[in-house]
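Contents: one structure, followed by commentary.
The values are calculated or read from the model by the stated rules, or taken from the named source; none is laboratory data. A quick note: this is a predicted structure, and the numbers were derived from the prediction, not measured. A quick note on method: Cβ atoms are made from the backbone with ideal geometry, for glycine too, and the neighbour counts reach across all protein chains shown.
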Amino acid sequence: MNELYSREPSCGTVNDCGCCIALYRPMIFLIFLQLIQHMTLLLNIIIISVIGIMGLMPDPPHMHKDPKPYHISALSSVAWILELLIGHPDCIQNKLGVHTELFNELIMILRSYGHTNSRFVSLEEQLAIFLYICVTGLPSRHIGEQFQ
């Protein structure tokens, strides 16, 4: 096969004569086949992406089982924060980096600036989550363990 590419044209120059076209025909055919393969691959990627975006792909088999709860702490986040506020003063300092008085002062300041409870999360929980992230530096996956 390499002999086809190493041959010199019989005319001595590369031009539009029949011998030059015949010389390069196998190479052009291989390039054309590679182009078709790449276009087919690209088309498959586009089709799979569109199907995924439209949500037409079936759910994986493990998604059909009844989901098992992931966050199973004995205390809800509200109960945990309440425990910190009424518990030992050093405990809230270790967990949130502030004493109870400062935590309550921060809540009053936030309320004075117009911050309120969200639909599902109290302002106290929001502040505790923020302070807990600042103190621990944990990623959100670990924070979700504490505040469920």
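Per-structure values
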| item | result |
| --- | --- |
| Count - residues of the stretch 90-121 that are modelled with pLDDT under 90 and on the phi > 0 side of the Ramachandran plot | 1 |
| Selection from the stretch 122-137 of residues that are touching a helix residue (DSSP H, G or I) at 6+ places or on another chain (Cβ under 8 Å) and either at pLDDT below 85 or part of a helix (DSSP H, G or I) (or both) | L123, E124, E125, L127, A128, I129, L131, Y132, I133, V135, T136 |
| Whichever residue in the stretch 119-139 is farther than 17 Å from S76 by Cα and without any contact (Cβ under 8 Å) to a residue 12 or more places away in the chain and, among such residues, is surrounded by the most Cβ atoms within 10 Å (Cβ to Cβ) | I133 |
| Count of the stretch 80-103 residues which are surrounded by 13 or more Cβ atoms within 10 Å (Cβ to Cβ), assigned to a helix (DSSP H, G or I) and not basic (K, R) | 13 |
